[in-house]
1. Sort SER132, SER98 by heavy-atom solvent-accessible area, probe 1.4 angstrom, most to least.
2. Can you give the FRET efficiency to the nearest 0.05 for ASP33 and GLN12, using r as the Cβ-Cβ distance and R₀ = 35 Å?
3. Can you give the accessible area of VAL55 in Å² (nearest 10), computed on protein heavy atoms with a 1.4 Å probe?
4. Any chance you could run the full-extension gain for ASP138 through ILE54? It's 0.36 nm times the residue separation minus the Cα-Cα distance, nm to one decimal.
Amino acid sequence: AIRGIVRGKVAQLMLIQIQQLKADLLQAMDTIDVLVDANRLNVQLIAGIPALLIVIYGTRAALLFWSNIRMKNFRLPHDVHSEMSDYLKKIEECLVLSNYQLDAKCEERPTISSKECLRPKEMGELLLLLHSYLNLLDYMSPPFPSKQCNSIHQSVQNLLLQGQMSTTRQL
């Protein structure tokens, strides 16, 4: 009976059934391979988007960290921007007040011209404020585009033309 099962019709039918399963499995695997190949671009895009976001935000964090290391203290760009705008307000205030004092002198003594230069104390205060402003600008240069930084430096150089530091010219 066992010899009949091993050499008989049952064994032959089982081998045919196994070959049929093998052929069906190979066909299904080929279909899956074709489907995966067709969707390869979609899968790459899905995998690439998080990688791109990680690179963008990682680069921003690294630049912020590097600029904070250069400044030797950890301040957010928003805090630096507000400090820079405070310096600009103080610079404007310094120029306006010195111009006001010069206008008062001109009313007392009409011989004084309105193009009188700043006094040493006012000049020193103005230069200190400008220096502080430019230090913040230089040390926070990664968040600021270099073209704008160069433009601001050029404007300050034009403001401080040698021998022509009058308050009316700077206002």
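1. Reading off the accessible areas and sorting them downward yields SER132, SER98.
2. Values: r = 32 Å, r/R0 = 0.91.
Efficiency, rounded to the nearest 0.05: 0.65.
3. Its accessible surface works out to 90 Å², give or take rounding.
4. Numbers: separation 84, 0.36 × 84 = 30.24 nm, distance 2.76 nm.
Contour length minus Cα-Cα distance gives 27.5 nm.
The values are calculated or read from the model by the stated rules, or taken from the named source; none is laboratory data. A quick note: this is a predicted structure, and the numbers were derived from the prediction, not measured. Cβ atoms come from the backbone with ideal geometry, glycine included; neighbour counts cover every protein chain shown. These area figures cover heavy atoms from the full protein model, side chains too; ligands, DNA and RNA do not enter into them. Shrake-Rupley method; radii C 1.70, N 1.55, O 1.52, S 1.80 Å.
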